[in-house]
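Structure, as structure tokens:
Rule-based calculations on the coordinates, nothing more; no lab input. The model shown is predicted, which means the values in this text are computed figures rather than measured ones. Virtual Cβ from ideal backbone geometry, glycine too; neighbours counted across all protein chains shown.
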Amino acid sequence: MAESSTFEWSPSSLTLLYRITSALSSAHEEGQVLHDFLVLLKQHFNARAGSIQLITDEGLMDLIAYFGITEEQANSIQHAPIDGHLFSFETDVIDEIQIRQNELSIDNLPPKQLCIPIRFKIRTLGVINLFVENEIDINEEVAYLLLSLGAHLGEFFERSYIEKKNRLQLIKDERNIIANELHDSLAQSLASVRFQVRILDQSLQPVGDFMAFKTIDSIEHALDEATTDLRELIAHCRVPIEQQGLVPAVKRAVEKFRRETGIHILLQCEEQTLALPSNMELNAYRIVQEALTNIKKHANAYIVRVLLTHDDEGNIRILIENDGKGFDQKKIQSSEGDHLGLTIMKERAKHLGGSLKIESEPDEGTRVELRFSYKDTSSDS
């Protein structure tokens, strides 16, 4: 395409560009922005269906927003290979507007497929597909308009990526600051208390006070537990889940539990990947983590099972159960530390918009079941 243009923008094209740039610069969440973007294209080009797809690191097309396509149809083309039935060209040469016969194996879609590259500078990020009944005359103005729309969307995605990256870095930095503060304050305080207890123990040796020695042993045991808990907390602060995802993080937690306890633990996970917002991943992971910590500390279990399932409706279920000694849920209210841990787990479930069910009886083991839902809102059914 020529670098210089000789045409004059029509009022309708200028209006569309203005509305598109306004939508992409709004403060709405990404799903709503993409929905508004597609609605504007739908209205302007009289399209019956459309989609936005981004190229993943694995060379697949990630369907992130659409309209006029059912959820079942969308699932059938999700993560399609670039060189598959959806795209017949390489990513580094998507530099022109293409009108092709609809190559999707989906019934009831219009025959014409208008492909608009999503680009940022020289990088191709993905493609906008519009499915139209009638032929569109790709004159110079329309071509510039479509390429401009793809460039604006590419800039939006690049900006969103940088903002997300910066937010994650801020979270990581804050977590490291907290970890360092814990190490420099509480850890040092615990070490100081331990040193003083040892001096007290030595000073009482000549006296031979049995009750005093017993009390000192109890204090040292409590200090050991507190130190272990603090070390785990510091380690958790320094390992952000955002770099792993929920499923890999749970797998690592299970392996860590197996390595540290020697208890037989079984992980049943139907999903290899589960795309969730980072705050949901973190809350779900912390619930699993707290449940495993409670088993390690209190359960005296022989077998532990962790189950993670996810259905097509977006319902997620995480079950952690063990065959340990269990507990009386009424009596646990009197133990401030344990009660606090369970309360925090329930608060995290509440933040997920889900529910946490804990079932336990003495000598009957314990079941912790988390249920919540997440559905991608970037689609318009």
* Within straight cross-link reach of residue 330, meaning Cα distance under 29 Å, which lysines are found once same-chain residues fewer than 8 apart are removed? -> 296, 297, 346, 350, 357
* Whole-angstrom gap from the range 113-130 to the range 154-177, using each part's C-alpha centre -> 24
* Give the peptides 66-77, 145-156 in descending order of average Cβ contacts within 10 Å, highest first. => 145-156, 66-77
* Can you pull the three principal axis extents for the Cα set of the range 243-381, in Å, largest first? -> 50, 30, 23
* Hits among aspartates and glutamates - C-alpha to C-alpha of residue 375 under 13 Å, sequence gap 8 or more where chains match -> 71, 311, 312, 313
* Please sort 317-327, 195-205 by packing, taking for each peptide the average over its residues of neighbouring beta carbons within 10 angstrom, highest first. => 317-327, 195-205
* Asked: Using mean Cβ contacts within 10 Å as the protection proxy, how do 283-289, 130-136 order, highest first?
  -> 283-289, 130-136
* Asked: Exactly which trypsin sites (Lys or Arg not before Pro) in the range 108-150 are in a DSSP loop and have at most 12 other Cβ atoms within 10 Å?
  -> 121
